[in-house]
Amino acid sequence: MGWSRLDSITIRQWRVFCMVSRLLSYTRAAEALGCQQPTISALMAELERATQLTLLEQYGKRLALTDEGRELYVHAQQVVVEADEAWRAMAELRGVAMAEHVPLRVAADTTVGTYVLPHLLGAFHRRRPGVAFNLRVVNRADVRASLLEGEVDLAIAGRPPALNGIVAEPFLANPLVAVAAPEHKLVGLKQVPLARLGDEVFLLREVGSGTRAAIEELFEVAGIPLKAGMVLGHIEAIKQAVAAGLGVSVLSEVAVRREVRCGTLAILDVEHFPIKRRWYIARLAERPLNANCAEFIEFLHEYRLESR
């Protein structure tokens with residue numbers, strides 16, 4: 001079986017294998033790791049040659065782990081986490097100069113990662129230009145998985161994982177608003193009943209999105225069916241579709257500010273809206289905070305106070 005050849009496998013290969021195993025997609029793994037899809041495919045092929053194992057199987061367009069792949073994935077996660085912890089421990093011992101070269105790894109849900117964090121990272125970079133960042137922007141389900149599997153130091157999302165061992169603290173308000181094209185018949189009306197909004201066709205994010213979960217929960221509690229007309233995987237695509245009159249949607253207020261100012265989208269006045277939500281900063285309780293993480297969390301709390 002060639003176990004003696006395991007010592008030829010690099011940490012990068014283990015890291016790629018873990019990402020592909022979790023996402024079950026070479027393309028999505030490449031996006032998450034910031035490289036090209038052919039690179040991921042080549043590294044996975046090398047890993048299978050080195051281990052002499054079949055780790056993944058293709059069923060049509062669907063990728064799945066084999067029994068061998070699932071077993072190796074458990075151990076690969078431990079290898080990656082231990083390697084990261086070893087490097088960080090050495091960085092702490094060597095002091096700030098080396099620690100600055102250890103990337104601060106953050107996973108963020110799509111909305112906060114697209115419309116809030118880039119501005120904050122720019123401001124933090126001006127304060128600490130030597131600190132490198134690795135920002136992973138994914139939906140809420142993948143944010144949770146990234147944190148639990150030790151792939152990131154911090155997670156910022158709309159709803160923290162309700163699990164033991166997770167420390168979560170509120171960061172910033174995230175009101176969700178109902179939006180439509182400016183010429184929509186509900187624009188300008190006051191306190192539109194939720195049942196009336198329910199008559200409209202909704203453009204929704206994919207399953208796993210925190211925003212979608214909040215909409216579904218609101219309508220389910222009210223006992224009103226939700227008419228899903230189209231599922232789109234990106235907020236920008238939803239905004240374009242709403243502006244084109246294909247339906248209504250519920251999005252974070254921060255994500256539609258520009259379009260509302262420009263007049264391409266309008267916020268509807270609907271009962272129970274805005275949906276009051278918050279973003280949270282989450283981390284693993286068992287993992288000590290390194291200096292970069294602690295400083296970034298402090299910076300985020302300063303921003304929260306300034307934005308009140």
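Brief remarks on what is shown
- Qualifying residues in region 199-211 (those that are aliphatic (A, V, I, L, M) and part of a loop (DSSP other than H, G, I, E, B)) - the one least open to solvent (accessible area, probe 1.4 Å): VAL201
- The numbered conditions (1) part of a strand (DSSP E or B); (2) in contact (Cβ under 8 Å) with a residue 60 or more places away in the chain are all true for ALA214 except (1).
- Subset of region 35-54 [without any contact (Cβ under 8 Å) to a residue 12 or more places away in the chain and over 19 Å from HIS75 (Cβ atoms)]: CYS35, GLN36, GLN37, PRO38, THR39, ALA42, ALA45
- Close pairs from region 143-154: first farther than 11 Å from ILE166 by Cβ, partner of a type in the set (A, V, I, L, M, F, W, C) and in a helix (DSSP H, G or I), Cβ under 6 Å, at least 6 apart: GLY150/VAL81; ASP153/CYS293
Residue-wise test of (1) buried (at least 18 other Cβ atoms within 10 Å of the Cβ); (2) over 25 Å from ASP153 (Cβ atoms); (3) among the polar types (S, T, N, Q).
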position: SER8; (1), (2), (3): no, yes, yes
position: ARG15; (1), (2), (3): yes, no, no
position: ALA50; (1), (2), (3): no, yes, no
position: GLU71; (1), (2), (3): no, yes, no
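- Against the numbered list (1) surrounded by fewer than 18 Cβ atoms within 10 Å (Cβ to Cβ); (2) under 25 Å from the mean Cα position of the chain (by Cα), ARG261 comes up short only at (2).
- Residue in region 119-137 that is closer than 13 Å to GLY210 by Cα and assigned to a loop (DSSP other than H, G, I, E, B) present: no
- Some residue of region 225-245 being open to solvent by less than 50 Å² (accessible area, probe 1.4 Å), within 15 Å of GLU271 (Cα to Cα) and either of a type outside the set (D, E, K, R) or not in a helix (DSSP H, G or I) (or both): no
- Selection within region 264-278 - open to solvent by 40 Å² or more (accessible area, probe 1.4 Å), touching a helix residue (DSSP H, G or I) at 6+ places or on another chain (Cβ under 6 Å) and closer than 18 Å to PHE219 by Cβ: GLU271, HIS272
- Conditions (1) more than 24 Å from ARG144 (Cβ to Cβ); (2) among the acidic types (Asp, Glu); (3) surrounded by fewer than 17 Cβ atoms within 10 Å (Cβ to Cβ): number failed by GLU286: (1)
- Filtering region 81-113 to residues that are modelled with pLDDT under 70, small (Gly, Ala, Ser) and surrounded by fewer than 18 Cβ atoms within 10 Å (Cβ to Cβ) leaves ALA89, GLY95, ALA97.
- For the residues ARG196, ARG128, ARG159, the requirement of being surrounded by fewer than 16 Cβ atoms within 10 Å (Cβ to Cβ) and under 30 Å from ASP269 (Cβ atoms) singles out ARG196.
- Residue selected from region 177-193 under the condition among the small types (Gly, Ala, Ser) and either touching a strand residue (DSSP E or B) at 6+ places or on another chain (Cβ under 6 Å) or open to solvent by 40 Å² or more (accessible area, probe 1.4 Å) (or both), by the criterion nearest to ALA241 (Cα to Cα): ALA180
The values are calculated or read from the model by the stated rules, or taken from the named source; none is laboratory data. Being a predicted model, the structure only gives us computed values, none of them experimental. Note that we place each Cβ from the backbone using ideal geometry, even for glycine, and neighbour counts take in every protein chain shown. Each accessible area value is taken on the protein alone, full model and side chains, heavy atoms only, with ligands, DNA and RNA left out. Shrake-Rupley method; radii C 1.70, N 1.55, O 1.52, S 1.80 Å.
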